Structures are given as C-alpha cells and as structure tokens.
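The values are calculated or read from the model by the stated rules, or taken from the named source; none is laboratory data. Since we're looking at a predicted model, the values are computed, not measured. Here the Cβ positions follow ideal geometry from the backbone for every residue, glycine too, while neighbour counts run over all protein chains shown.
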Amino acid sequence: MKINVLLLSLLLITGIALGIFYHKNAEDSAHENYMVSVNLMNQLKQTDAGLNVLLLKSRYGLQADYDELAKKSVLLSDSFAKLKKSNMARYLDTDISLADALREYEEQINLKIDLVESFKSHNAVLRNSIKYAPPLGDQLISTLENKSESDASLLKKINQALYRWSLYGDKEQADIIQDNVRKILDLLPLFSNEIPLLEYNSHVIAVVDEQEQTQNYLQNALAIDSEKTLSKLDGLYTENYLSSSANDGQLRSYAIIAYGLLALLVAFYFAMKLRGSYTQLEDKVKDRTQQINSAYKEVKESQEQLIQSEKMASLGQMVAGIAHEINTPLGYVNNNVSIVNNLFISMDTLMKGLSRVYGEAVKKPNNKEALSKQVVQVLRQYHRMEQDDIVNEAKELLDDSSHGLNDISELVKNLRSFSRLDRQLIERFDICEGLDNTLKIASSILKQSNVSVIKDYNEDVFLECNPSKLNQVFLNIITNAAQAIPETGGQLTISVKKMDDTVNIIFIDTGEGMDEETRAKIFDPFFTTKPIGEGTGLGMSISYKIVKEHRGQVEVQSEKGEGATITLSFPYQNVE
Amino acid sequence: MLGVTLFLRQTYKIGLSIGCFLMSQAALSAEPILPIPSSLPHDPDKAALGKLLFSDVRLSKDNSLSCESCHFLDRAGVDFLDQSRGVNGQLNKRNSPTVYNSALNFRQLWDGRIDSLDDQVRVVVKNPKVMGMDSWEETTQKLKETDNYAEQFQNIYGRPINSQDIQHAIAEYERTLLTPNSPFDRYLKGDANAINQQAKLGYQYFKSYGCVSCHQGANVGGNLFQKVGVLKDINLLKGFGTDMGRFAVTGNEWDKRVFKVPSLRLAVLTPPYFHNGSVRTLREAIDIMTEFQLGRQVPDAHKDAIIEFLKTLPGDLPKGGK
C-alpha cells in the first residue's frame with residue numbers, strides 16, 4: 001500500500017507543478033497581448049489611409065475644415081505611442097530588424113505629420129489667392145483695355161495662364177506666369193488707383209509659390225510608404241511571437257509527454273482512478289478549441305478592416321482623377337453656353353431690325369426711301385453675321401456642349417453602376433458591361449501610360465456573382481496592367497471566352513512582366529512592386545480572395561520583359 | 001473684335017465655372033465651421049479633482065499663483081494682459097490664450113510645441129518663468145502634505161498620488177471647459193433666427209474674403225499653423241518681426257513667424273490680441289489680418305459685419321466656471 005501512496009502523491013505533485021507552469025505561461029494571455037499590438041497596427045494602417053483621403057479632399061476643396069485631418073494626425077501619433085509600449089517592446093532588444101523597422105516607421109509617420117502640417121498652411125493661402133486673383137485680373141484688364149491694348153495683353157496673358165493653370169495645373173502655364181509676373185508692377189503708372197494692381201501682383205506671386213509648395217508637400221506626404229514599413233513591422237513581430245510561443249509550446253509538450261509517461265506508469269496500478277484525469281484532459285481540449293475559434297474570428301475581422309482600408313486608399317486615388325474628368329467638360333460646356341447666349345443677342349438684334357422694317361412697311365408703304373434704307377441696314381447686319389458664320393458656330397458650340405454633357409453623364413452613369421454600393425447580394429451580372437464600366441473608371445490611368453485597349457468580347461456572358469466585388473477584381477488587374485506598361489505606350493487585350501466547363505476572362509498586357517519571384521508572391525498580402533505611395537500591396541490578395549469566393553481560379557503567366565497574361569476562370573454552372 | 005470679346009468672356013466664364021464648381025462642392029460638404037460638442041469624454045470625479053487643483057496656488061514655487069491667475073474662469077479664461085506674469089512678477093514672452101475650448105486645439109501653446117493638455121500642465125508648472133517649480137517630485141510632495149489630496153487621489157485613481165495623475169486631473173478638468181450652444185452654433189444647427197441679419201452677412205464676408213481658410217472647424221481655428229504675413233511682409237508692422245514662433249521648435253526656414261492659428265470662439269471676449277498681445281481691439285486685429293494675411297482691402301462696413309458675426313460665436317460658460 002505504501003508504494004501506491006507514494007506513486008499517487010508523486011503524480012499529484014508533478015501534476016500541480018505542471019499546472020502552475022502551464023498557468024504562468026498561459027497562452028491565452030500571450031495571445032491577447034499579441035492581438036493588442038496587431039490591432040494597434042491595423043488602426044494605424046486605417047488612420048493612415050483615412051489621412052490620405054482627407055489630404056486629397058482638402059486639396060480639391062471637398063473638405064472645408066481641418067478638424068478631421070487634425071484628429072487623424074493626433075490619432076496616428078497616439079496609436080504609435082501605444083504600439084511602442086505594447087507587447088512588441090519585449091522583442092525589441094533581441095530582434096534588431098524589428099527595432100529598425102519600428103524606428104523607420106516612427107520616422108515616417110513623424111515626417112508625414114510634419115508634411116501634413118505644412119500642407120495645411122500652404123493650402124489655406126493657395127485657396128484664397130486662386131479664388132481672388134483671376135476675377136481681379138479681369139477687372140484690371142477691362143480698365144486697361146481702353147487705354148493701352150498692349151499692356152492689357154500682358155495682363156490677359158497672365159490671367160489666362162492663371163485660369164488654365166488652376167484648371168489643368170500644367171507646368172507650361174506656370175512658366176508663362178513665372179516669366180511675366182515681374183512685369184506687372186511696370187503697369188503701375190497706368191492706374192490712378194494703384195491698390196488693385198498691387199493686390200493682384202501679390203496674389204499672383206502667392207499662387208505661383210503656394211501652388212508649388214502645396215503640391216510638393218501633398219505629394220511628399222502621400223509618397224511616404226509607411227504602410228509598407230508597417231507591414232514589414234507586422235511580419236517581423238508575428239515571426240517573433242510565433243517563434244517564442246513555439247518554444248513555449250515545445251517545452252510544454254515535453255512536459256506533458258513526461259507527465260503522460262508517468263501517468264501511464266501509474267495507470268498500471270490505478271487504471272480506474274485515472275478516469276478523473278481523463279475528463280480533465282477532455283475539458284482542456286474543449287477550451288483550446290474555443291480559443292482557436294475566437295482567434296480565427298479576430299483574424300477574420302481584422303482582415304475585413306484591411307479590405308476596407310484598401311478601398312479607402314484606392315477611393316482617394318480615384319477622387320482626384322474623377323474630379324478632373326468632370327471638371328474639364330464642365331468648363332467648356334459652361335463657356336460654350338455663354339458664347340451661344342452672346343450669339344443670340346446678335347440674332348435678336350437682327351430680328352428686331354426685321355420687325356422694324358415690317359412695321360415701317362405697314363405704316364408708310366409709300367416711303368420707299370426710308371424703307372430701303374432700313375432694309376439695307378438689316379441686310380448689312382445679316383451680312384456681318386454671315387461673315388462671322390454665327391449659325392454654324394452656334395451649332396458647333398451646341399454639338400460640342402452636348403458632347404461634353406454626354407461625357408459627364410457617361411462618367412456618372414459608369415461610376416454609379418460601378419460601385420452599386422457594396423451590395424452583398426448575388427446578382428446576374430453582364431461580364432462585358434462590367435468590363436466596360438471598369439475600363440471607363442480606369443480611363444485616366446490608362447491614358448497616362450498610353451495604353452490602347454483591345455476588347456475581344458461581344459457576346460453577352462452572364463455570371464451569378466457579386467458585381468461590385470468582381471468589378472473590384474477587374475479594376476485591380478487593369479490598374480496593375482496599366483502601371484506595368486511604360487509611358488511610351490502598350491497594349492492591353494481583354495477577351496472573354498466560353499470554355500467547356502468555365503468562362504474565362506483573359507487580360508494580356510505588353511508591360512514589363514514579372515520574374516518568377518514576383519509571380520510567386522503576387523497574391524501575398526502586402527506584396528507590392530509599385531513605387532512608394534502607390535500600392536497598398538493588398539489589391540491582388542483581395543482579388544484572389546474574391547475570385548475564390550466565387551469558386552473561380554486565377555492563373556498568371558508572365559516572364560520578365562514579356563508582358564503578363566492573367567486568366568480568371570469561373571465555373572460554368574454559374575453561367576447561364 | 002468679336003473674337004477678342006468672346007475670348008475674354010470665355011476666360012471669364014471658365015473662371016466662373018471653376019468658382020461654381022468649387023462652390024457647389026462647398027455646398028455639398030458641410031459648412032467650414034462646426035458646432036462645439038456639448039461635452040468631451042471625461043471622468044467627472046477626476047475632473048472635479050482637477051478643478052480643485054486648477055485654483056490651487058501650491059502648484060507655484062512661492063504659493064503666489066494658480067492656473068486661474070492667468071485664466072480667470074469667470075472672465076472668459078484669460079487675464080486681459082498683453083503678456084502674463086509668472087512667479088516673482090516675471091514677464092512672459094507671449095499672451096495667455098483662453099483656457100476655454102483649449103481641449104479642441106490640435107496642439108497647445110502659440111508655437112504648438114506641446115501635443116496634449118496633460119503635457120502642457122507638466123511643462124508650465126516646471127517653467128521657471130511661469131509656476132517655477134523645481135521638479136514634479138517637489139510638486140507631488142507639496143500636495144501630498146496638504147489637505148486630503150493623498151486620500152482623494154488614492155480613492156479616485158486607485159493608487160498613491162503621483163505627477164502623472166495630477167497632470168491628468170487638471171487636463172481632465174480642462175476638457176470640461178467648453179462653450180457650446182452659442183447663437184452661431186444654434187444657427188448652424190438650423191435655427192435661422194438665432195443670429196441677426198448683420199451677423200449672417202458677416203459670416204458670408206468671413207467666408208468670401210477667405211478668413212475661413214484658416215479659422216474653421218469647431219474652434220474656428222486652433223487646428224493648423226500659419227505664417228504671420230503671408231501676403232505682405234510683417235516686418236512692416238512694429239513688434240511683429242522679432243518672435244520667430246515655430247522656427248524655434250522645428251528649425252525649418254519656412255517656420256519663421258509661424259504660429260498656431262488661434263481660436264476665434266471667444267475672440268470678442270478676450271482682448272488683447274495676437275501672440276504678443278499688442279493689439280487692443282478686434283477692429284485693429286481685423287485690419288492687420290486683412291492687410292497681411294488676405295492681402296486685400298476690405299470696406300469698413302464689411303469689417304463691422306464680421307465683428308457682428310464674431311459676437312455670435314461665444315456659447316455658454318460651464319456652470320462650474322462661474
């Protein structure tokens with residue numbers, strides 16, 4: 001009996017020791033700590049993306065106050081301060097590359113916050129001057145026009161360049177302003193009241209200086225690839241966490257094996273009594289399963305947040321493009337309408353002349369001299385109009401305007417059908433229509449790289465799917481293709497083919513292609529080959545996820561320097 | 001000739017179309033000025049403790065000054081001096097801004113070198129020209145020995161009294177010092193009769209002359225930096241050329257004479273004006289701003305309307321503040 005008691009107490013003591021050890025290294029609290037840092041990094045990523053969107057909105061006048069922007073900057077530095085003190089700190093001494101990445105990220109966001117501050121100041125000044133200078137210039141021109149045509153033309157030149165520059169922002173106009181701005185003050189003797197010209201001079205100078213500064217600060221802020229550094233940080237941190245928890249796990253499993261052996265030994269004597277410990281083990285397994293489930297849920301949630309932040313980033317990139325697309329036709333339509341309006345004034349004068357002739361003819365039919373004088377006057381007027389080709393000009397202007405309005409409504413239509421605002425519903429989706437819409441949305445980036453698009457599809461092919469998600473996939477692939485094509489130009493061929501079991505959508509570009517390493521990583525989250533500030537590295541990984549959700553396949557064929565072919569195939573049973 | 005006039009009209013119309021585009025965009029987004037929130041998240045017990053500390057002279061070296069010495073709570077949170085005086089009557093370099101709504105500023109102090117209210121307390125108490133304490137250990141010790149601070153901090157913060165919690169309590173109190181529900185805020189929220197016709201006109205001028213490019217958001221400023229004299233050399237104005245502002249913090253050339261844009265929420269109640277407190281009246285302040293910041297001539301009638309608008313900006317002072 002004595003040996004039984006001895007064995008029992010040995011088992012008990014080992015069990016208690018193991019229990020204490022296990023409790024001290026409790027994995028769930030380690031995991032919780034791990035998630036705190038990960039969530040902070042997610043928050044930083046989202047805040048950063050939101051900051052970019054707000055920057056663009058402020059630049060293009062879509063956000064009238066800086067409160068949100070200021071809050072984002074504060075949130076960015078607060079979250080970083082928390083991250084620095086979080087669980088990550090315990091690996092900083094041992095992992096130099098982690099510490100480096102953290103330092104690099106800190107430098108990047110500090111720089112970004114500084115750049116954002118400078119941007120805000122310059123943007124405020126720029127917006128005032130660009131609003132005030134051009135109309136003031138018009139006033140000055142009209143006062144000067146009667147006195148000196150040649151001096152008026154200098155101001156006209158500057159003012160015209162100002163208008164164009166604020167519309168299109170091309171460097172050429174900036175140079176025109178730059179070359180002539182010093183001559184403005186030479187005109188001072190021509191004005192009895194000098195103040196408006198002095199004001200004009202200082203505002204033109206302000207526009208030149210501030211536009212350049214504002215743009216520089218904005219671009220530099222957007223170019224900081226803090227997201228990439230953060231992804232690196234995230235990766236390194238996760239590696240550290242996994243290896244340290246693997247060590248813990250290994251130790252623990254050795255201990256459990258030893259304990260098991262011991263228990264087995266004792267089991268010879270106490271098989272019946274071991275039933276108790278058995279149920280205990282079962283409980284432990286249940287616990288662990290629950291932990292794994294909740295961890296899975298958390299990872300899933302943060303993945304969704306990431307998708308959202310990717311959307312925000314690409315939205316920001318689009319806002320600027322679309323504002324420009326709409327603004328250009330809007331400018332000339334507005335302008336055409338006013339010219340036509342002007343033309344109608346001449347028409348009106350003509351009609352009034354005619355009615356006067358008619359009135360004269362009715363009242364005094366015999367006074368032929370006066371009548372013919374009037375007729376000649378009207379005819380002369382008509383002749384002048386004919387010389388100016390007014391009717392044709394009006395027609396052309398109106399045609400031109402309706403073309404512009406079509407452009408705008410086309411864009412708006414495409415934008416609307418493109419987004420279909422995140423309907424999660426599965427719908428019957430016309431692939432060709434989707435591709436057309438996406439191409440329209442991507443038209444500005446395609447234009448940038450001079451990509452000619454060959455559409456090799458015309459049949460109606462329908463797919464049961466989530467249209468906005470599929471559009472997102474198309475947009476990602478088309479954007480990547482456009483960015484892979486050098487500025488000298490290239491081709492993007494898109495074809496839709498019905499196969500035996502699947503429908504294939506094939507994108508072939510003549511871009512720079514990918515090497516094997518890039519090809520292998522193309523679907524990895526945070527992997528990007530784009531220059532800093534342009535890619536989040538999430539586009540293709542999200543696309544991959546979406547295709548998989550639709551039970552589809554993605555195939556990538558590419559060699560360095562020989563373009564790329566991306567084939568999406570969706571199962572036939574989805575297709576009508 | 002027709003061609004020339006058409007062309008002129010054309011350029012002008014393009015200008016108008018940009019204007020219309022920007023205006024329609026501005027109409028789409030909200031007004032540039034936002035109402036002050038009725039409160040910010042805070043712990044009432046900690047704020048009450050902070051209120052005690054705010055008026056406690058033991059925070060200064062010679063027990064002569066409290067926070068309230070420069071921020072009169074019953075007088076719009078300022079001391080009406082050009083520059084405030086610290087311990088031993090030392091004159092400070094800059095004007096004391098109001099403590100009201102300071103929680104809405106994105107950074108603290110005129111040069112924005114402090115990020116948070118907590119940190120502002122930390123720095124000011126140790127500043128030899130302001131409260132003049134040697135260290136926070138000294139401050140904590142001093143408070144510990146008197147009244148029942150030690151007990152209160154233990155009860156409310158759940159740990160022994162320490163510098164971090166003292167700073168936090170004062171900052172927490174400052175977060176309650178908001179002035180919501182102003183006539184203008186009620187106007188923003190849809191009460192068309194909350195302000196008079198002249199004030200509405202003033203608001204339109206405030207926007208169209210461009211004041212609002214910097215003075216926007218809930219605090220009508222306080223959320224960005226700006227250079228004094230962007231359109232005209234500020235050295236032409238006596239007393240404005242010497243203080244280099246943010247340059248002393250960053251060392252960036254452009255930051256010379258850059259300051260935090262002050263909030264205009266309580267401007268009508270808090271003369272004198274500017275970082276050096278050199279300007280006595282709001283009217284003179286507007287003269288300087290339109291000349292040096294906007295680079296424009298503004299008729300007197302318009303300036304009067306803008307002042308009428310500024311009068312609608314102050315809201316209720318907190319009950320505790322009276």
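Remarks
- Here residue A:165 meets each of (1) under 30 Å from residue A:93 (Cα atoms); (2) within 14 Å of chain B (Cβ to nearest Cβ) with one exception, condition (1).
Table: residues versus (1) assigned by TED's automatic domain parsing to the domain that holds residue A:231; (2) on the phi < 0 side of the Ramachandran plot; (3) out of contact with any His (no Cβ under 8 Å at 6 or more places or on another chain).
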{"site": "A:65", "(1), (2), (3)": "yes, yes, yes"}
{"site": "A:69", "(1), (2), (3)": "yes, yes, yes"}
{"site": "A:82", "(1), (2), (3)": "yes, yes, yes"}
{"site": "A:97", "(1), (2), (3)": "yes, yes, yes"}
{"site": "A:105", "(1), (2), (3)": "yes, yes, yes"}
{"site": "A:108", "(1), (2), (3)": "yes, yes, yes"}
{"site": "A:113", "(1), (2), (3)": "yes, yes, yes"}
{"site": "A:133", "(1), (2), (3)": "no, yes, no"}
{"site": "A:141", "(1), (2), (3)": "no, yes, yes"}
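- Number of residues in the stretch A:349-390 that are within 30 Å of residue A:339 (Cα to Cα) and among the acidic types (Asp, Glu) equals 3.
- Which numbered condition residue B:170 misses (of (1) surrounded by fewer than 21 Cβ atoms within 10 Å (Cβ to Cβ); (2) at pLDDT 95 or above): (1)
Here is a yes/no grid of residues against (1) modelled with pLDDT of 90 or more; (2) out of contact with any Asp or Glu (no Cβ under 9 Å at 6 or more places or on another chain); (3) more than 26 Å from residue A:323 (Cβ to Cβ); (4) surrounded by fewer than 20 Cβ atoms within 10 Å (Cβ to Cβ):
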site	(1), (2), (3), (4)
A:36	no, yes, yes, yes
A:39	no, no, yes, yes
A:60	no, yes, no, yes
A:76	yes, no, no, no
A:94	no, yes, yes, yes
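- Test for residue B:113: is it assigned by TED's automatic domain parsing to the domain that holds residue B:55 and in contact with a strand residue (DSSP E or B) (Cβ under 7 Å, 6 or more places away or on another chain): no
- Inclusion of residue B:100 among residues that are out of contact with any helix residue (DSSP H, G or I) (no Cβ under 7 Å at 6 or more places or on another chain), aromatic (Phe, Trp, Tyr), buried (at least 17 other Cβ atoms within 10 Å of the Cβ) and part of a loop (DSSP other than H, G, I, E, B) is warranted.
- Residue satisfying condition, being more than 9 Å from every other protein chain (Cβ to nearest Cβ), closer than 30 Å to residue A:237 by Cα and among the charged types (D, E, K, R), within set A:100, A:114: A:100
- Some residue of the stretch B:161-168 being over 30 Å from residue B:285 (Cβ atoms) and assigned to a loop (DSSP other than H, G, I, E, B): yes
- Answer residue from the stretch A:303-339, given it is surrounded by 16 or more Cβ atoms within 10 Å (Cβ to Cβ) and of a type in the set (Ser, Thr, Tyr) and is modelled with the highest pLDDT among those: A:338
- Note on the stretch B:244-263: residues that are surrounded by fewer than 20 Cβ atoms within 10 Å (Cβ to Cβ) and more than 12 Å from every other protein chain (Cβ to nearest Cβ) total 4.
- Applying the set (1) part of a helix (DSSP H, G or I); (2) under 30 Å from residue B:116 (Cβ atoms) to residue B:207 leaves exactly one unmet item: (2).
- Test: residue in the stretch A:113-125 that is more than 14 Å from residue A:58 (Cβ to Cβ) and in contact (Cβ under 8 Å) with a residue 12 or more places away in the chain: yes
- Of the candidates B:232, B:207, B:227, B:189, the single residue that is within 14 Å of chain A (Cβ to nearest Cβ), surrounded by fewer than 24 Cβ atoms within 10 Å (Cβ to Cβ), basic (Lys, Arg) and closer than 24 Å to residue A:62 by Cβ is B:207.
- Members of the stretch A:221-244 that are touching a residue at least 24 places away in the same chain (Cβ under 8 Å) and of a type in the set (Gly, Ala, Ser): A:221, A:223, A:226, A:231, A:235, A:244
- Among the numbered conditions (1) aliphatic (A, V, I, L, M); (2) within 18 Å of residue A:556 (Cβ to Cβ); (3) at pLDDT 85 or above, the only one that residue A:540 does not meet is (3).
- Checking each residue in the stretch A:193-252 for being hydroxyl-bearing (Ser, Thr, Tyr) and in contact with a Ser or Thr (Cβ under 7 Å, 6 or more places away or on another chain) picks out A:217, A:237.
- Restricting attention to the stretch B:289-316, the residues that are outside any loop (DSSP other than H, G, I, E, B) and away from chain A (no Cβ under 14 Å) add up to 11.
- Considering residues of the stretch B:261-288 that are assigned to a loop (DSSP other than H, G, I, E, B) and hydroxyl-bearing (Ser, Thr, Tyr) only, the residue farthest from residue B:91 (Cα to Cα): B:263
- The one condition in (1) closer than 24 Å to residue B:50 by Cβ; (2) part of a loop (DSSP other than H, G, I, E, B); (3) not basic (Lys, Arg) that residue B:118 fails to fulfil: (2)
- Search result, residues across the stretch B:267-311 that are of a type in the set (Gly, Ala, Ser) and over 18 Å from the mean Cα position of the chain (by Cα): B:295, B:301, B:305
- Exactly one residue among A:405, A:435 is in contact with a helix residue (DSSP H, G or I) (Cβ under 9 Å, 6 or more places away or on another chain), within 14 Å of chain B (Cβ to nearest Cβ) and within 30 Å of residue A:460 (Cβ to Cβ), and that residue is A:405.
- One residue alone among B:221, B:241 is in a loop (DSSP other than H, G, I, E, B) and within 13 Å of chain A (Cβ to nearest Cβ), and that residue is B:221.
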